[in-house]
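Here the structure is laid out as structure tokens; the discussion comes afterwards.
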Amino acid sequence: MSRIRIKSAKEIALIRDSSRLSAEILQLAGEMVKPGITTDEINTFVHDYTVKHGAVPSPLNYNGFPKSVCTSVNDVVTHGIPDNYVLKKGDIINIDVTSQLKGYHGDCSATFAVGEISEEAKELMQCSLDCLDAGIEVCALPQARISDIGAVIEDIATERDFTVVRDYCGHGIGRQFHEEPLVLHYRQNRPGPVIREGMVFTIEPMINAGDWRVRTLDDGWTVLTVDGSLSAQYEHTIAITKNGPEILTVV
Ligand code: MF3
Ligand code: CO
Ligand code: CO
């Protein structure tokens, strides 16, 4: 039984506004990434910029999350907590920005290179981005189902000898940060709901260089690859309009 909330054009316009702000913040935060800066400095920028634009950083206090943005470095898959870690050449960092404007959330993330990075890291980042793009393209096909997104993503990652994280997924978004549908990034046995006009959800594949399995630190948030291999992720918020999928998290 599906409880996916279909959004009106008016609501989509509001999610478009918060998504554009999130995308702008993400772009600016990405421009800060260089050797020598701390993840806390990124957090401070994201927090201040969000508030200055009349929005609320959605991560802050969300289920007790202590900061305003997630910063996930190297083998951190997701939900990294900004701290005094100093970025160094060769690191990769995912910055995940969500802001709530006029009651509606917009959610996006990207992975950035810190100076020169390894070939493996470049390929992993490219794979994760290609998985996201392919997942969005699937939404344009007639009668496509939510479950088709994970199928195409798993195919791409597997073909490149990378793996798909199974414990975290994309999600519906709107007045709630996370709502139905669950958007799994791997192939499932059951067909998911048909994608239709008015749905708004994220696609956010987390791709690992090694084992797909993850573990969580005692802080209750930081998710790492079990084998210490690198992980990369990109995320967009997508609205399904009468013309097909529209990426809302663009500047
Ligand atoms: N932005 C993440 C997502 O893509 C969720 C972060 S929850 C937080 O769904 F509490 F860690 F911020
Ligand atoms: Co996010
Ligand atoms: Co998300």
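The values are calculated or read from the model by the stated rules, or taken from the named source; none is laboratory data. Quick caveat, the model's predicted, so the values are computed rather than measured. Note that we place each Cβ from the backbone using ideal geometry, even for glycine, and neighbour counts take in every protein chain shown. For accessibility, only protein heavy atoms count, side chains too; no ligands or nucleic acids. Shrake-Rupley method; radii C 1.70, N 1.55, O 1.52, S 1.80 Å.
Whenever a residue of region 191-202 is in contact (Cβ under 8 Å) with a residue 60 or more places away in the chain and open to solvent by less than 10 Å² (accessible area, probe 1.4 Å), its partners that are of a type in the set (S, T, N, Q) and away from ligand 1 (no atom under 16 Å from the Cβ), lying with C-beta atoms within less than 9 angstrom and at least six residues away or across chains, give the pairs G198/S8; G198/T241. Restricting A134, A113 to residues that are surrounded by fewer than 21 Cβ atoms within 10 Å (Cβ to Cβ) and closer than 14 Å to I37 by Cβ narrows the list to A113. The conditions of being closer than 30 Å to D83 by Cα, more than 14 Å from ligand 2 (Cβ to nearest atom) and touching a Pro at 6+ places or on another chain (Cβ under 7 Å) are not met by V214.
Among the residues of region 40-67, those identified as open to solvent by less than 40 Å² (accessible area, probe 1.4 Å) and either within 15 Å of ligand 3 (Cβ to nearest atom) or not small (G, A, S) (or both) are I42, N43, V46, Y49, T50, P57, S58, P59, F65. Report yes if C139 is under 18 Å from T249 (Cα atoms), open to solvent by less than 30 Å² (accessible area, probe 1.4 Å) and away from ligand 2 (no atom under 16 Å from the Cβ), otherwise no. Answer is yes for this residue.
Between a first residue in region 114-142 that is in contact (Cβ under 8 Å) with a residue 12 or more places away in the chain and a second residue that is open to solvent by 20 Å² or more (accessible area, probe 1.4 Å) and assigned to a helix (DSSP H, G or I), which pairs have beta carbons less than 7 Å apart while being 6 or more apart in sequence or on different chains? Listed by first residue and then by second, the contacts come to C127/I156; D130/I156; C131/I156; A134/V152; A134/I156; G135/V152; V138/D148; V138/V152. Screening region 39-117 for strands (runs of 3 or more DSSP E) wholly inside it with 2 or more residues that are out of contact with any Gly (no Cβ under 9 Å at 6 or more places or on another chain) returns the ranges 76-78, 104-113.
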